[in-house]
Amino acid sequence: MEVVVVESPDEAAGIVADIYTSLLTRRPDAVLGLATGSTPLPVYKELIRRHREEGLSFARARAFLLDEYVGLPVGHPERYREFIRNELEQHVDFTADAILGPGDLDVPPTEAGGAYEEAIGQAGGVDLQILGIGTDGHLAFNMPMSSLASRTRLKTLTPRTRQDNARFFGGDIGQVPTQCLTQGLGTILDSRHAVMLGFGRGKAQAVREAVEGPLSSRWPASVLQMHPHATIVVDEDAASQLS
Ligand code: F6R
């Protein structure tokens, strides 16, 4: 695991965009793992800029999302697939159907996990997985106490997660889905390069536990200690509890 401490999210975006650029230059048909949330946004912004100004192309790339709510209709603004469409896909040159989320398969949610793992496997596995970390150390919807060996699966969202996410649904917890599909921690470990980003003091404890704490499902991101190629890119605030 390598830890890179930067001064700002924009500096992180440049470093992470360099990783994408080098991969896509070497392997234009690379398989990308995409995350939602606020953390990767500066990276997506920089990738869009490089596409427009420097010819960075995603035309042969494919991508898989980390997670998705269950039960939101296609086109719902809080659907993670919609987020990726708005924040990245529609601004670059991915081909139609190049991006798949765990909620996009034509199977019941109980079968979606296995089908999604199969789709990732058929694509050859994820070359570069970008990740954000939750303040409690979660990765995707793998909350504390998730199995470190977990695979993509249907999960019931905890009342706390639904309450935390209610702000995106007009403050009404009743509008927040009760279930989600999420890649497992074992699935994330299978990516060939995982890049986890963390910005702000609110992430400092989670970053410390992920990087320096014991490997523990109490802090799911600590699973990255077992990843053969993990890069942690954090700003000074998020790095403030590292020794
Ligand atoms: C993203 C995801 C989550 C977020 C995490 C941090 O697909 O599943 O793990 O990365 O909740 O969220 P932000 O980036 O909004 O702080």
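At a glance:
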{"read-out": "Whole-Hz couplings from phi, Karplus 6.51/-1.76/1.60, listed for segment 166-174; x for Gly and Pro", "value": "4, 4, 7, 10, x, x, 9, 4, x"}
{"read-out": "Max mean-square fluctuation residue, GNM over the chain, Cα-Cα springs under 10 Å, options Glu54, Glu87, Glu68", "value": "Glu54"}
{"read-out": "Positive dipole terminus of segment 31-146, leading residue within Ala98, Leu56, Gly37 (C-beta point charges)", "value": "Leu56"}
{"read-out": "Convex hull per residue volume in Å³, alpha carbons only, for segment 189-243", "value": "69 Å³"}
{"read-out": "Cβ-placed point charges (K, R +1; D, E -1), dipole of segment 23-93 about Cα centre in debye, nearest 20", "value": "240 debye"}
{"read-out": "For Arg27, distant residues with modelled amide H under 5 Å away", "value": "none"}
{"read-out": "Percent of beta bridges antiparallel (DSSP, the chain, rounded to nearest 5)", "value": "25 percent"}
{"read-out": "Calculated from backbone phi, Karplus (6.51, -1.76, 1.60) coupling profile of segment 53-65 in Hz, x at Gly/Pro", "value": "9, 10, x, 4, 10, 10, 4, 10, 7, 10, 8, 10, 7"}
{"read-out": "Most to least packed among 7-13, 42-48 [average Cβ atoms within 10 Å]", "value": "42-48, 7-13"}
{"read-out": "Karplus (6.51, -1.76, 1.60) ³J(HN,Hα), θ = phi - 60°, over segment 6-17, in Hz, Gly and Pro reported as x", "value": "10, 7, 7, x, 5, 5, 4, 4, x, 5, 6, 5"}
{"read-out": "Sorted peptide list for 156-168, 109-121, criterion being average Cβ within 10 angstrom, highest first", "value": "109-121, 156-168"}
{"read-out": "Anisotropy class of segment 126-190 from Cα gyration tensor, a/c 1.5 cut", "value": "prolate"}
{"read-out": "Rounded Å value of the spacing that divides the Cα centres of segment 102-154 and segment 1-64", "value": "20 Å"}
{"read-out": "Estimated dipole of the chain in Debye, rounded to 20 [Cβ of Lys and Arg +1, of Asp and Glu -1, Cα centre]", "value": "360 debye"}
{"read-out": "Ile232 long-range amide H proximity, modeled H, under 5 Å", "value": "Glu2, Val3, Val4, Met196"}
{"read-out": "Helical contribution to [θ] at 222 nm, DSSP H n ≥ 4, -39,500 (n - 2.57), averaged over the chain, rounded to 500", "value": "-9500 deg cm²/dmol"}
{"read-out": "Relative packing of 100-106, 124-130, 237-243, which averages over residues the other C-beta atoms within 10 Å, highest first", "value": "124-130, 100-106, 237-243"}
{"read-out": "Kirkwood hydrodynamic radius of the chain, from inverse mean 1/r over distinct Cα pairs, in Å", "value": "18.0 Å"}
{"read-out": "Kirkwood Rh in Å, taken over segment 50-145 so that all alpha-carbon pairs contribute", "value": "14.8 Å"}
{"read-out": "Value of relative contact order over the chain, rounded to a whole percent, pairs C-alpha under 8 Å and six or more apart", "value": "25 percent"}
{"read-out": "Which of Ser22, Pro108, Gly200, positive extreme of dipole for the chain (C-beta unit charges)", "value": "Pro108"}
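Any read-out appearing in this document is the output of simple, stated calculations on the displayed coordinates, not a laboratory observation. What you are looking at is a predicted structure, and each value in this text was computed from that prediction instead of being measured. Every residue, glycine as well, gets a Cβ built from its backbone with ideal geometry; the counts of neighbours run over all protein chains shown.
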